[in-house]
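Take a look at the structure below.
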Amino acid sequence: NVRDAGKKLVAGDPAGALGDAGAALGEGNDSKLLGHVADAIMKDPKLSAALAKIGIETKEDITDAGAAIGDMFQLVDHLGQQDWGAAIKDLGLVAQDLPDTLRSKIVEKLTTTMHLPPALGEVLSGVIDAMGDPKVRDAVGDAFAAFKSGNPLEWIKGLAHAGEVISAQSPDLAVGFLDTLSKLPGSVGAFFGDHELNKAIVDSGSLTQDR
């Protein structure tokens, strides 16, 4: 992958080089090539503008992303296609390999890019750890897609399903997810405003009981 990245960089394909360099890091290769690729990306107006949409704005952001950087163009593509659910799922995947500071920066930028209310950005930040699980990632992505579609009923149903999946797949994170829902406006946020009640809900197993 390092060799392929070098060839693509010389050939004027910094995006392809970035993907190969990221894959090389993922295989444990500590490649200085990533720094050169990052320089090339920052000097390419089109590519740097694309990454800026998700908060990747400096060479240091690219190098901090490490192996995850190769998957970020898929996130950018889904944003461009306004495939909001897929974009959230992409975020959940790449975020698992990011340092906390960069992860928070990307979530904040994505909240702005997707025109989400700040409260939903907080929900996304609160659930991001659980999204390392594919089932959780899908449930959260589908919920946010429902919100962006303008269907409040499907949005609430999507949140409920995400809570069920998180409780089943990552019960240690389920209480935190319910706590985060307290950031939502109106009756939904008010209901989840009591941490002890949220803990009791998870401990009771009621989120995962068959209906």
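I need a count of the residues in the range 170-211 that are small (Gly, Ala, Ser), buried (at least 16 other Cβ atoms within 10 Å of the Cβ) and more than 20 Å from Gly132 (Cβ to Cβ).
Pass one, the range 170-211, residues small (Gly, Ala, Ser): 170, 174, 176, 182, 186-187, 189-190, 193, 200, 204-206.
Right, trim to buried (at least 16 other Cβ atoms within 10 Å of the Cβ) and you get 170, 174, 176, 182.
Now drop any that are not more than 20 Å from Gly132 (Cβ to Cβ), which leaves 182.
Residues flagged as small (Gly, Ala, Ser), buried (at least 16 other Cβ atoms within 10 Å of the Cβ) and more than 20 Å from Gly132 (Cβ to Cβ) within the range 170-211 amount to 1.
Any residue at all in the range 99-113 that's touching a Leu at 6+ places or on another chain (Cβ under 9 Å) and acidic (Asp, Glu)? No, the range 99-113 contains no residue that is touching a Leu at 6+ places or on another chain (Cβ under 9 Å) and acidic (Asp, Glu). If the condition is being surrounded by fewer than 21 Cβ atoms within 10 Å (Cβ to Cβ) and either outside any helix (DSSP H, G or I) or under 10 Å from the mean Cα position of the chain (by Cα) (or both), then the range 69-85 contributes Gln81, Gln82, Asp83.
Mind checking whether some residue in the range 177-191 is in contact (Cβ under 8 Å) with a residue 24 or more places away in the chain, among the aromatic types (Phe, Trp, Tyr) and closer than 18 Å to Ala86 by Cβ? No, that holds for no residue. So, Glu164, is that one modelled with pLDDT of 85 or more and more than 20 Å from Leu91 (Cβ to Cβ) or not? Criteria met by Glu164.
For Thr111, the conditions (1) open to solvent by 20 Å² or more (accessible area, probe 1.4 Å); (2) assigned to a helix (DSSP H, G or I) are fulfilled apart from (1).
So which of Asp142, Asp172 ends up being at pLDDT 90 or above and closer than 19 Å to Leu207 by Cα?
Criteria check complete, one pass: Asp142.
Any residue that is closer than 26 Å to Pro152 by Cα, open to solvent by 20 Å² or more (accessible area, probe 1.4 Å) and at pLDDT 80 or above - is there at least one of those in the range 35-50?
Here is the first cut: in the range 35-50, the residues closer than 26 Å to Pro152 by Cα are none.
Looking for residues that are closer than 26 Å to Pro152 by Cα, open to solvent by 20 Å² or more (accessible area, probe 1.4 Å) and at pLDDT 80 or above, one finds none in the range 35-50, hence no.
The values are calculated or read from the model by the stated rules, or taken from the named source; none is laboratory data. As the structure is a computational prediction, the values presented were derived from the model and not from experiment. Quick reminder, even Gly has a Cβ in these numbers, built from the backbone with ideal geometry, and neighbours come from all protein chains shown. We work out accessible area using only protein heavy atoms, side chains counted, and drop any ligands, DNA or RNA first. Shrake-Rupley method; radii C 1.70, N 1.55, O 1.52, S 1.80 Å.
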